[in-house]
Amino acid sequence: MTPDELRAELGKGRLRPAYLLAGDQALLRDEALACLRDAVLGSAPADFNLDRLEGGSTTPAALRDAVRMLPVMAERRLVWLREPEAGRGAARALADDLAGIVAGLPQTAVLVVSAVKIDRRSRWVKAFADPCALVVCEAPTGGTALAAFVAAEAKRQGLRLEPGVAELLAERVGPELLSLRHELEKAALLATPSTQIARGHVEAGLVTIAEEPLWDLTDAIGDGRVRGALPMLARLLA
């Protein structure tokens, strides 16, 4: 399932018992989680109905307690577990027991697990088959798909793109969706008060970074070269 398919399904009122948000794109994971939070909790108080658990420090017993806890002034609770394989040694028991926990979820809780990388052969990953769901949070592959993402993001922000702008951003930034969004927002600022972004607006923002790589600044700071770092920082801020 893609994040768009998740939004469409939630819009129709379907809510599954558990979701695995997996992929290297934090932007997609965060947006999918936000959609699930709205669908599960709505206006219910999050203080009592939302648990955030870290895989490196959570035991199987703690996760079971979280999903079995009754909601407060709501139909369901949302339990969010991050990186279930982050632990070492005894902490890996969480990943080992996760499949059984998913299979035994009560109707009063929705479990969301997020992970940057997964092994689809793992038993706990296979546990997110239907009626649960695996939401793939990875960047589109290929320039055409990336350009389509830029065009859709521009529409979401109420912006208009001149021909070739979406392709230029996809080519120059690559498959990092959060960076694509930031570059689009930067170009929009340069285009103000107009809402139409031209190639020149994109090139102006990208050239500034290319002329003064961020890594040069961090290297100068790390090496203690204050006199070299300050001018770089001033040019970046300008």
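Before moving on, here are some points about what is shown:
- The residues of segment 36-191 expose on average 53 square angstrom of accessible surface per residue, using a 1.4 Å probe on protein heavy atoms.
- Percent carbon-and-sulfur accessible area, segment 1-110, ignoring ligands, DNA and RNA, probe 1.4 Å: 49 percent
- Across segment 41-81, the fraction of Cα-Cα pairs farther apart than 17 Å, rounded to a whole number, is 28%.
- 22 Å Cα-Cα reach of residue 155 towards lysines, excluding residues that sit fewer than 8 places from it in its own chain: 186
- Only aspartates and glutamates eight or more places from residue 126 in sequence, or on another chain, were considered; those with a Cα closer than 15 Å are 85, 96, 97.
- Residue ranking by accessible heavy-atom surface, 1.4 Å probe, largest first, among 194, 43, 122 comes out as 43, 194, 122.
- Prolate/oblate/rounded call for segment 84-136, Cα gyration tensor, a/c under 1.5 rounded: oblate
- Heavy atoms of residue 128 accessible to a 1.4 Å probe, total area in Å² rounded to 10: 10 Å²
- Straight-line cross-link partners of residue 12 among the aspartates and glutamates, defined as a Cα under 13 Å from its Cα and at least 8 positions apart when in the same chain: 4.
- Tensor-based shape of segment 1-151 (alpha-carbon gyration tensor, a/c under 1.5 rounded, otherwise prolate or oblate): oblate
The values are calculated or read from the model by the stated rules, or taken from the named source; none is laboratory data. All of these numbers come straight from a predicted model, not from anything done at the bench. Just the protein is used for accessible areas: all its heavy atoms, side chains included, with ligands, DNA and RNA removed. Shrake-Rupley method; radii C 1.70, N 1.55, O 1.52, S 1.80 Å.
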